[in-house]
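Q: Could you have a look at this structure, given as structure tokens, before my questions?
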Amino acid sequence: MTAAVTAAKPRLAVELALLIALATVWGASYTFIKVGVATIPPVSLIAARTLIAGLVLIAVIRGRGLRLPRDVRTWRWFMVQACLNSAIPFTFIAWAERSIDAGLAVILNSTSPIFTFLLTAAITRHEAVTVRKLVGVIAGLAGTCLIVGVEALGGLGRDLAAQLVVVAATLCYAGAAIFGRRFKGLDPIMPAAGSMICGAIILVPASLLVDRPWTLQPSTASMLALLGLSVVSTALAFTIYFRLLETLGSVGTTAQAYLRVPIGVMIGVVFLGEQPTATAWIGLICVIIGVAAMSLPARQRGATSP
């Protein structure tokens with residue numbers, strides 16, 4: 001095996017581990033949001049989420065001795081990324097979760113790799129649109145459907161507006177995954193921080209006007225959920241996210257949307273003693289196949305094996 005191929009394997013293992021970590025912390029965000037919106041209105045919850053995450057990331061940047069970009073063009077890109085990846089979809093999902101379960105929001109949002117693949121195939125073509133990736137998209141969606149089962153989708157059709165809003169948020173995420181590729185070359189923490197700051201610039205004034213947050217009386221549970229949402233599921237998550245956009249690409253990175261569902265199944269097995277059905281286990285295998293098909297790089301021609 002060549003030295004290049006040997007060196008690539010540990011790097012790929014790290015990226016896949018980060019993909020699983022991203023799926024886990026973003027998977028937790030739906031529960032955080034559900035708890036948060038119980039006593040904090042959606043706009044104020046997401047305004048606080050982006051503001052706290054932005055401040056945490058700025059502190060990390062300063063602690064590392066780095067400086068945010070200062071050119072207008074980069075900040076214009078940060079603003080577009082904020083609209084696609086935080087301000088709009090975060091608020092949409094928070095609003096929707098006032099009336100639909102967090103689990104259903106995860107399920108609907110897990111289709112983002114499909115939109116990313118379709119946008120890539122139809123418009124941007126910034127990545128190779130291969131049969132393998134198409135198979136990965138289909139396998140991941142099929143696996144997700146098998147895992148959640150027909151019963152879990154019983155809520156579809158009720159609260160249709162909320163469900164459509166989550167789908168719209170998913171489309172935003174797909175666009176963000178493609179647009180975010182233009183930050184290649186920047187330290188991943190820079191677009192993470194820049195987009196959160198821009199998101200706060202959009203949402204904090206809206207919160208002040210719409211919700212008058214000084215009149216709110218959030219519960220302790222909602223405040224703790226907001227803290228977890230901001231630090232873990234936003235500041236940490238987006239730093240990982242922008243790194244993966246560079247290493248795995250748009251379609252590969254959005255594959256974590258499928259991983260959220262089997263991760264939820266495994267958490268239920270370990271901590272709640274749940275026993276998934278045989279169909280769910282088959283679905284889990286489909287998801288793993290789908291993620292592998294979308295994430296693993298094509299084998300280099302000419303590479304030798306032992």
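Q: I need the phi-derived Karplus couplings for segment 198-205: 6.51 cos²θ - 1.76 cosθ + 1.60, θ = phi - 60°, integer Hz, Gly and Pro marked x.
A: With coefficients 6.51, -1.76 and 1.60, one gets 5, x, 5, 4, 6, 8, 4, x Hz.
Q: Under a Cβ-Cβ cut-off of 15 Å, what is the net charge of the residues other than Gly27 that fall near it, where Lys and Arg count +1 and Asp and Glu count -1?
A: 0
Only the coordinates and a few stated rules stand behind these numbers; no lab work does. All of these numbers come straight from a predicted model, not from anything done at the bench. Every residue, glycine among them, receives a Cβ derived from its backbone with ideal geometry; neighbour counts consider all protein chains shown.
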